[in-house]
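Engineer: The structure that follows is given in the form of structure tokens.
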Amino acid sequence: MTALVIRSAQDAIAAVPYLLGFHPSRSLVVIGFESGGNGTCAIRLDLPSSDAAERVAALLAGNGFRRSLLLGYGPDDEVRESAATVRAALDSAGVPVAEAVRVADGRWWSLTCDDDCCPPEGVPYDISASVVAAEATFAGQVVLADRSELVRSVQPLDGPVRAAMREATERAEIRLLSRPGTSDESLDFVHALLARADAPPTDDEVAWLGVLLTDLRFRDEAWIRIDEDAPTADIAFWRDVVRRVEEAYVPGPASLLAFAAYSAGDGGLANVAIERALDADPAYSMAVILREVINAGIPPSKLRLRMTPDQLATAYYNQQRKAC
């Protein structure tokens, strides 16, 4: 995700949909910043959100954030009550709130202004005219209408696509039974498919990839090949795979999508991808670990694999030797 420079309340309002991936409603959004090079951390809470105040404050303080912003989306009394509780917790934790605002109907109201600096009717804003939105759009970032649309973006495709994938998966499962274990041919297939940029994968390729990813060796081969510095193409690839594979094969691709999204700073997409993985397999370890990482507020800059294919091959070779 491109770095969004926030200089004012209106910049923050414009940035929030790009930080979350969707336009929030009935939410309190907490943005931590000034973290010594770790960027920002945006946390969305459902209203009312007073119960989460201490947890959020501890999370931001524990990850080195020194200041924060609050943006509330919803009824005035509900936003003010939740914002006051969260603000007090943040101040006590050493992450003081630089500005708190309520956003509604194309206007914003300051919750920290205690004089006549803000008009009672609110201050109008236009996200589409902001520099922040222009920079994010130029970088290819997309904002969905709401969280439900974000959830739908990782749900399975149906109709003829689903019927075709069901048949392709049956062929892949028969193929697996005829050649069990990790083979050089299968590794070459994974490497070639992930490196290919000229055409989307066919149904048979997606089905075979989904089946192979149930083997952690293949899953890890895909994991280390995610471009953590520029994961846009990886996000598009894994979102497509997640939507096409049969449900039994969702956990691996969904977890890889979550990692790619989180590497890009897209916590909203990472969360819904993790939910998809855990719905299919509540104990899937990669999804469980990523959920703990996100809940702990660990910034993407600290979640770097930096493992080469040769290092992975050596690790698996040594593991096999120990097992013998």
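The values are calculated or read from the model by the stated rules, or taken from the named source; none is laboratory data. The shown structure was predicted, so the numbers you read here are calculated from the model rather than taken from an experiment. Note that each Cβ is placed from the backbone with ideal geometry, even for glycine, and that neighbours are counted across all protein chains shown.
Engineer: Among all residue pairs at least 6 apart or on different chains, which show Cβ distances below 9 Å where the first residue, located in region 1-16, is farther than 11 Å from residue 265 by Cβ and the second is modelled with pLDDT under 85 and of a type in the set (S, T, N, Q)?
Structural biologist: Pairs that qualify, where the first residue is farther than 11 Å from residue 265 by Cβ and the partner is modelled with pLDDT under 85 and of a type in the set (S, T, N, Q), are 6/40; 10/130; 11/130; 13/130; 14/128; 14/130; 15/40; 15/130.
Engineer: Would you mention how many residues in region 116-154 are surrounded by 15 or more Cβ atoms within 10 Å (Cβ to Cβ), modelled with pLDDT under 85 and among the small types (Gly, Ala, Ser)?
Structural biologist: Here the count works out to 3.
This table checks each residue for (1) more than 30 Å from residue 62 (Cα to Cα); (2) modelled with pLDDT of 95 or more; (3) not in a helix (DSSP H, G or I).
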{"position": "188", "(1), (2), (3)": "yes, no, no"}
{"position": "191", "(1), (2), (3)": "yes, no, no"}
{"position": "205", "(1), (2), (3)": "yes, yes, no"}
{"position": "242", "(1), (2), (3)": "yes, yes, no"}
{"position": "261", "(1), (2), (3)": "no, no, no"}
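Engineer: Considering only residues that are loosely packed, with under 10 Cβ neighbours inside 10 Å and without any contact (Cβ under 8 Å) to a residue 12 or more places away in the chain, look in region 196-211 and name the one that is nearest to residue 246 (Cα to Cα).
Structural biologist: So the first thing to find is which residues in region 196-211 are loosely packed, with under 10 Cβ neighbours inside 10 Å, and the list is 197-199.
Now narrow it down to the ones that are without any contact (Cβ under 8 Å) to a residue 12 or more places away in the chain: 198-199.
Working: 198: 25, 199: 21 Å.
So the residue we want is 199.
Engineer: Is there a residue in region 18-33 that is part of a helix (DSSP H, G or I) and within 15 Å of residue 95 (Cβ to Cβ)? Write out each step before concluding.
Structural biologist: So the first thing to find is which residues in region 18-33 are part of a helix (DSSP H, G or I), and the list is 18-20.
Applying the additional criterion that residues be within 15 Å of residue 95 (Cβ to Cβ) yields none.
No, every residue in region 18-33 fails to be part of a helix (DSSP H, G or I) and within 15 Å of residue 95 (Cβ to Cβ).
Engineer: As an exercise: evaluate residue 238 against (1) within 27 Å of residue 149 (Cβ to Cβ); (2) surrounded by fewer than 16 Cβ atoms within 10 Å (Cβ to Cβ) and give the number of the one condition it does not meet.
Structural biologist: So the condition that residue 238 fails would be (2).
Engineer: Would you check which residues across region 53-64 are in a helix (DSSP H, G or I) and surrounded by fewer than 21 Cβ atoms within 10 Å (Cβ to Cβ) and list them? I'd like the intermediate steps shown before the answer.
Structural biologist: In the first step, residues of region 53-64 are kept if they are in a helix (DSSP H, G or I); the result is 53-62.
The answer is 54, 55, 58, 61, 62.
Engineer: What are the pairs with Cβ atoms under 6 angstrom where one residue, in region 294-313, is in a helix (DSSP H, G or I) and the other, located anywhere, is of a type in the set (Phe, Trp, Tyr) and surrounded by 13 or more Cβ atoms within 10 Å (Cβ to Cβ)? Sequence gap at least six, or different chains.
Structural biologist: Hits for this filter: 300/262.
Let's see how each residue does on (1) surrounded by fewer than 20 Cβ atoms within 10 Å (Cβ to Cβ); (2) within 21 Å of residue 8 (Cα to Cα); (3) not assigned by TED's automatic domain parsing to the domain that holds residue 108:
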| site | (1), (2), (3) |
| --- | --- |
| 46 | yes, no, no |
| 50 | yes, no, no |
| 66 | yes, yes, no |
| 69 | no, yes, no |
| 79 | no, yes, no |
| 85 | yes, no, no |
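Engineer: Conditions: (1) outside any strand (DSSP E or B); (2) closer than 21 Å to residue 127 by Cα. Residue 42 meets all but one. Number of the miss?
Structural biologist: Of everything listed in (1) outside any strand (DSSP E or B); (2) closer than 21 Å to residue 127 by Cα, residue 42 misses just condition (1).
Engineer: Just to be sure before I move on: is residue 102 among the charged types (D, E, K, R) and at pLDDT 90 or above in the structure I sent?
Structural biologist: Yes: the conditions hold for residue 102.
Engineer: Mind listing whichever residues of region 17-51 are of a type in the set (A, V, I, L, M) and more than 20 Å from the chain's Cα centre (by Cα)?
Structural biologist: Taking region 17-51 as the starting set, the residues that turn out to be of a type in the set (A, V, I, L, M) are 19-20, 28-31, 42-43, 45, 47.
The one that is of a type in the set (A, V, I, L, M) and more than 20 Å from the chain's Cα centre (by Cα): 47.
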